[in-house]
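Below is one structure, written out as structure tokens; comments come after it.
Every number here is computed from the coordinates shown, using simple stated rules; none is lab data. Because the structure is predicted, anything quoted here is derived from the model rather than measured. Cβ sites come from the backbone with ideal geometry, for glycine too, and all protein chains shown count toward neighbours.
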Amino acid sequence: MPPVVPAGSLIVTDWHRNRESKEYFKRIFHNKKRRQFGLLEAPVMPPHLKVDNICYKIFISGKSGVGKTALAARLSGQEIPSVHYETTGIETTVVFWPVKLKQNGRVLFFRLLIWDCGDNALRRFDHMLPSCKEQVDAVLFLFSYTDRTSLEDVTSQIARVTDPSDRIVKLVVGTKFDLIMHADVSDDDVARFEEVSGLPVFSVGGDVTGGLGEVAPLLDSLTEHLWHQDCITAHSVPLSETAHTN
Ligand SMILES: Nc1nc2c(ncn2[C@@H]2O[C@H](COP(=O)(O)OP(=O)(O)OP(=O)(O)O)[C@@H](O)[C@H]2O)c(=O)[nH]1
Ligand SMILES: [Mg+2]
């Protein structure tokens, strides 16, 4: 299992709060809202701020209703549907996230292609899971704070989706953290799970306000783990020679 990378060891965390990052982060906004990127679109940078885009495939895994579609919307700054519409197939969302490397101050634009597959569709059609797993770089395993069985299910999801020998980044996300009145999972449960699984758990919940603070901890950690994984795979080969650069 890939190691957990301590926050801030490779990238500048919370860089969105830094004034110098403004020029980069404003490229993922349009009219003060997060810009929605099509599959072939990318932020346009002025020549003096030329940055590399590096692309990754991220799969969101979890029981039906746990909040996979809502998380994809949250990460891309879109509104979360208030009622549950089961996702009938695979939906993809593009999320761009600028990152500053600690080592050399270089800025990279991470392009995260998020794959969200409805859990019932995944179970009904055998070809869906292999498609989602194909060349995947990271998996976000979801549980809901309002459903204890969804946390217990994460271990079997990990076994179903990944192999102990693979180098896929794995993070766990607890959704519906805002529904504290209906909480069925305690802090102790989460701490125990983190200790046993060795995986970091992130908590999300509430409405999407479009502020970067609500997604930065998860996106910073995801990109930092992806970068770490790439450095290991490439044995510190310069970025221009790695497979993910375009
Ligand atoms: N309050 C609150 N509601 C949430 C949160 N995340 C998701 N929901 C709600 O939970 C319901 C189900 O969320 P979805 O994202 O559609 O669930 P899903 O995992 O995509 O489900 P399938 O597509 O059937 O596999 C929706 O009504 C969401 O509004 C959250 O963090 N807080
Ligand atoms: Mg869905």
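Some observations on this one:
- Helix content alone sets the calculated 222 nm mean residue ellipticity of the chain: runs of n ≥ 4 DSSP H residues at -39500 (n - 2.57) each, divided across all residues, give -8000 deg cm²/dmol.
- Rounded to the nearest 20, the Cβ-based charge dipole of the chain about its Cα centre (Lys and Arg +1, Asp and Glu -1) stands at 960 debye.
- Cα shape, the range 173-216, gyration tensor, a/c 1.5 rule: oblate
- Using a Förster distance of 35 Å, the FRET efficiency for Glu79-Ala234 (Cβ separation, nearest 0.05): 0.35
- Under 15 Å, Cβ to Cβ, from Val169 - net charge with Lys/Arg +1 and Asp/Glu -1: -2
- Whole-angstrom gap from the range 25-93 to the range 162-196, using each part's C-alpha centre: 22 Å
- Pairs from the table (Lys22/Lys57; Lys57/Lys100; Lys100/Lys133; Lys26/Lys176; Lys22/Lys50; Lys26/Lys102) lying more than 23 angstrom apart at Cα are Lys22/Lys57; Lys100/Lys133; Lys26/Lys176.
- Taking Glu224, Glu152 and counting other C-beta atoms within 10 Å, the order from fewest to most: Glu152, Glu224
- Between helix 216-234 and the chain: long-axis angle, C-alpha atoms, 0 to 90°, nearest 10: 70 degrees
- Which of His16, His84 has the fewest Cβ neighbours within 10 Å, and the rest in rising order: His84, His16
- Note on Asp178, Asp220: ascending count of other Cβ atoms within 10 Å places them as Asp178, Asp220, the fewest first.
- Computed magnitude of the charge dipole of the range 62-174 (debye, nearest 20; Cβ of K, R +1, Cβ of D, E -1): 500 debye
- In the range 78-204, the DSSP beta bridges split such that about 55 percent are antiparallel, to the nearest 5.
- Taking the C-alpha atoms only, the angle from helix 187-197 to the longest principal axis of the chain is near 70 degrees.
- To the nearest ten degrees, helix 148-161 and the longest principal axis of the Cα atoms of the chain are 60 degrees apart.
- Tensor-based shape of the range 65-194 (alpha-carbon gyration tensor, a/c under 1.5 rounded, otherwise prolate or oblate): rounded
- Zone residues, the range 83-103, relative to Ala42, backbone N less than 18 Å from point 7 Å out along Cα-to-Cβ: 93-101
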